[in-house]
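What follows is calculated from the coordinates using simple rules that are stated; it is not laboratory data. Given the structure is predicted, the values throughout are model-derived calculations rather than measurements. Positions of Cβ are generated from backbone atoms using ideal geometry, with glycine treated the same way; all protein chains shown enter the neighbour counts.
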Ligand SMILES: Nc1ncnc2c1ncn2[C@@H]1O[C@H](COP(=O)(O)OP(=O)(O)O)[C@@H](O)[C@H]1O
Ligand SMILES: [Mg+2]
């Protein structure tokens with residue numbers, strides 16, 4: 001079996017900021033993990049391609065390129081099958097095997113982990129099974145959160161499918177490039193207040209549906225065709241079962257206020273989060 005080497009496509013910068021490179025495969029299906037020189041990652045290289053189910057089930061026709069290799073996952077731009085009605089789809093593949101960069105922090109997991117004793121022990125021991133269970137927890141959670149929020153009309157990528165360590169969703173952007181994260185952009189000052197208010201309305205909409213993003217930052221807000229799209233929800237928390245939700249909400253809102261301040265938006269993060277929380281608690285939203 002031949003392994004495609006994706007490593008030269010992986011960079012901290014989104015690929016489309018450089019010259020986009022397209023790989024087409026005729027006889028072989030894409031395989032995301034390349035052989036290491038030492039051969040020490042033999043288990044990794046022998047794993048099935050995490051995107052294979054999407055090819056087999058007819059969601060995608062192929063993988064075009066890496067959009068971004070982030071802390072916890074690599075995101076690929078895929079050519080969508082005609083039956084999906086869209087041209088491109090984004091596939092997010094979690095790093096289940098080495099588990100690098102996963103947020104293991106208990107504050108996000110409170111009220112969420114429903115594991116049996118054996119599974120809990122495997123997670124605690126960080127065994128291979130344990131790491132896989134844990135990665136699965138994060139990706140399942142992101143899938144469920146995207147489904148709930150998209151159904152509620154939130155500005156999040158539409159989720160299409162989740163198989164194993166991979167999640168297939170709407171591609172934010174077009175053939176000319178992926179949507180850029182807020183932190184890379186220069187925003188027109190006249191539009192800043194409106195965009196900030198839109199972001200706050202989104203945070204409140206998520207809260208109405210019992211979700212706090214918990215990692216909201218200019219890195220996880222993309223801009224495409226002048227619209228904001230919010231991404232990266234694996235660590236989202238439910239205020240009904242997580243006692244850290246208010247603190248995380250405040251942090252999310254403070255991150256947004258700090259970003260928009262440079263464009264002249266003056267906002268009191270503490271006051272906004274308390275007001276929002278008050279409305280949520282009273283069920284008056
Ligand atoms: N649906 C998408 N469409 C286009 N680009 C995306 C999409 N989802 C993620 N990306 C890109 O991939 C990067 C990493 O994805 P993200 O979900 O934020 O994972 P991480 O946990 O690695 O930060 C994002 O910063 C963004 O540039
Ligand atoms: Mg991110």
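Below are the figures for this structure:
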| quantity | calculated |
| --- | --- |
| Selected residue [within 16 Å of ligand 2 (Cβ to nearest atom) and in contact (Cβ under 8 Å) with a residue 40 or more places away in the chain] from 153, 164, 179 | 179 |
| Of all residues making up segment 146-164, the number that are within 13 Å of ligand 1 (Cβ to nearest atom), under 24 Å from residue 55 (Cβ atoms) and assigned to a loop (DSSP other than H, G, I, E, B) | 2 |
| In segment 204-218, the residues that are touching a strand residue (DSSP E or B) at 6+ places or on another chain (Cβ under 8 Å) and within 21 Å of residue 107 (Cα to Cα) | 206, 211, 212, 213, 214, 216 |
| Looking only at segment 226-245, and only at residues there that are within 19 Å of residue 273 (Cα to Cα) and surrounded by fewer than 18 Cβ atoms within 10 Å (Cβ to Cβ), the one that is nearest to ligand 2 (Cβ to nearest atom) | 238 |
| Residues of segment 71-86 satisfying the condition of being near ligand 1 (Cβ under 7 Å from one of its atoms) and out of contact with any strand residue (DSSP E or B) (no Cβ under 9 Å at 6 or more places or on another chain) | 71 |
| Residue 194 touching a strand residue (DSSP E or B) at 6+ places or on another chain (Cβ under 8 Å) and either buried (at least 22 other Cβ atoms within 10 Å of the Cβ) or more than 16 Å from residue 248 (Cα to Cα) (or both) | no |
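Residue-by-condition table, conditions (1) in contact with a helix residue (DSSP H, G or I) (Cβ under 7 Å, 6 or more places away or on another chain); (2) away from ligand 2 (no atom under 16 Å from the Cβ); (3) within 24 Å of residue 68 (Cβ to Cβ):
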residue	(1), (2), (3)
207	yes, yes, no
258	no, yes, yes
263	yes, yes, no
268	no, yes, no
271	no, yes, no
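Yes/no matrix, rows are residues, columns are (1) near ligand 1 (Cβ under 10 Å from one of its atoms); (2) under 13 Å from the mean Cα position of the chain (by Cα):
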| residue | (1), (2) |
| --- | --- |
| 166 | no, yes |
| 181 | yes, yes |
| 193 | no, no |
| 199 | no, no |
| 206 | no, no |
| 210 | no, no |
| 213 | no, yes |
| 216 | no, yes |
| 225 | no, no |
